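One structure below.
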Amino acid sequence: MRQFTEEQNMLREAYRKFLETEVAPHMERFREQGIVDREIFKKAGDQGFLMIWPDEQYGGMGDRDFRFEQIIMEETCRAGCGEWFNTLHSRLVGPYIDHFGTDEQKQKFLTGAASGDEILAIAMTEPDAGSDLAGMRTTLKQEGDHFILNGSKTYISNGINADYIVVAGKSDPDNNPHAMTLCVVEAGMEGFERGRNLDKMGLKAQDTAELFFSNVIIPQENILGEVGHGFFYLMQGLAEERLIAAVMAAANARKAFNITREFAMERKIFGKPLSYTQNTQFKMAEMDAEIEVLQVFVDHCVALHNEGKLTVNMAAKAKLQATEIEWRMLDLGVQQHGGAGYMQEYPICNMFTDARINRILAGSSEVMKLIIGRDVFSDNYSSILD
């Protein structure tokens, strides 16, 4: 039995109702227009669903238990609202400001984000620099009492809606490829332009954009943390980012299982429900067992994260297993639906295309294997069973 507090269970119930009434009914329209209405962020913020962890003076509850975030992610997937990237706003971008920002920066950037008045994004990826951050070409160089930002970013989630964007740029590109600095770019800054809303395979309601920076003046008060330390700041956030991916993939896998189970019990083949066939029973039994074991491991990683003990290696294992199992479940779901699985009127179809990115974002499966493999053959190797 999964363990949540009474307060967390109350949050789950309230947030589930919010999604059912305020978000899910509009998802088809959001897909058609290629972007989620800004007012959804505001409505979520008004009810305290956007950011739970910030201290009260910045608009949050001050509760850092990651299980609150886990509930938000699971229920967002359960409701079929995963294309609304509220978690990226709340839990992926926000913590960079919290961990490395000054009190003044937190007051300016976190308060509006918690209320939903401002939307957050983060810009690391470039056309030639994804998992390999050292290949980044964007520069952020100091000139007197300010900095100059030049370069471009691509595949930036919340890229159209975002008011504040955490951007990484090289501060000493000629001498140190790992010397990066983080800054906050604000909508309307001179020299900052957004490209088109990119046309993707899936996640049609998620605004994903190219961003361009041409001699953007970044004041000192928009620099996060120490100059030149951005690479290490980004590395610190990757374990949690991969845990987030694992939590959502596990929830998505279970949702796909439930959808497929229901379809198999209703669909008739040769006069009997599809669920009567041995192949369907065996395939679904395998996936049920895999998803159940995965959930236990993900919950274990959440507990470790709450204790400050989640390692990069453990997060990589969770991300790898969760997204691979999710993908196998979705592929099976489409197959069990037959021709219906190829039709967008069936939820399994959109889920299939939406999830394809999950084995790429936050580090591809191949990169996860590389991280795990290096640990396996290191002198300090240990497993949770030791």
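Residue-wise test of (1) touching a residue at least 60 places away in the same chain (Cβ under 8 Å); (2) part of a helix (DSSP H, G or I).
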position: Met10; (1), (2): no, yes
position: Phe30; (1), (2): yes, yes
position: Glu39; (1), (2): no, yes
position: Gly45; (1), (2): yes, yes
position: Trp53; (1), (2): no, no
position: Met73; (1), (2): yes, yes
position: Trp84; (1), (2): yes, no
position: Val93; (1), (2): yes, yes
position: Asp98; (1), (2): no, yes
Q) Failed condition for Ala121, given (1) modelled with pLDDT of 95 or more; (2) closer than 27 Å to Arg91 by Cβ; (3) surrounded by fewer than 23 Cβ atoms within 10 Å (Cβ to Cβ), with all others met? A) (3)
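Can Ala179 be described as closer than 21 Å to Asn86 by Cα and hydrophobic (A, V, I, L, M, F, W, C)? I'd like the intermediate steps shown before the answer.
Working: closer than 21 Å to Asn86 by Cα: no; hydrophobic (A, V, I, L, M, F, W, C): yes.
In short, no.
So if I check each of Lys170, Lys141, Lys153, which one is closer than 27 Å to Asp117 by Cα and charged (D, E, K, R)? Write out each step before concluding.
Working: Lys170 fails: closer than 27 Å to Asp117 by Cα; Lys141 fails: closer than 27 Å to Asp117 by Cα.
Criteria check complete, one pass: Lys153.
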Q.
Which of the helices (runs of 4 or more DSSP H) found entirely inside region 289-386 contain at least 2 residues meeting this: free of Cβ contacts under 8 Å to residues at least 12 places away in the same chain and surrounded by fewer than 18 Cβ atoms within 10 Å (Cβ to Cβ)?
A. 365-376
Q.
Considering only residues that are among the aliphatic types (A, V, I, L, M) and crowded, with 23+ Cβ neighbours inside 10 Å, which ones fall in region 245-260?
A. Ala245, Ala246, Val247, Met248, Ala249, Ala250, Ala251, Ala253, Ala256
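Tell me, yes or no, whether region 137-147 has at least one residue that is of a type in the set (Phe, Trp, Tyr), in a strand (DSSP E or B) and under 21 Å from Asn197 (Cα atoms).
Pass one, region 137-147, residues of a type in the set (Phe, Trp, Tyr): 147.
Then drop every residue that is not in a strand (DSSP E or B), which leaves 147.
Next cut, under 21 Å from Asn197 (Cα atoms) only: none.
No, that holds for no residue.
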(Q) Of everything in region 203-225, what is farther than 22 Å from Ile35 by Cβ and out of contact with any strand residue (DSSP E or B) (no Cβ under 8 Å at 6 or more places or on another chain)? Give them in sequence order. (A) Glu221
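Do any strands (runs of 3 or more DSSP E) entirely within region 153-210 hold 2 or more residues that are surrounded by 23 or more Cβ atoms within 10 Å (Cβ to Cβ) and within 17 Å of the chain's Cα centre (by Cα), and if so, which?
On the way: elements: 164-170, 180-186, 192-197.
So the answer is 164-170.
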Q: Filter region 55-71 for residues that are without any contact (Cβ under 8 Å) to a residue 40 or more places away in the chain and part of a helix (DSSP H, G or I) and give the result.
A: Glu56
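The values are calculated or read from the model by the stated rules, or taken from the named source; none is laboratory data. Predicted model, so just to flag it, every value in this text is computed and none were measured. Here Cβ is always computed from backbone atoms with ideal geometry, including for glycine, and neighbour counts include all displayed protein chains.
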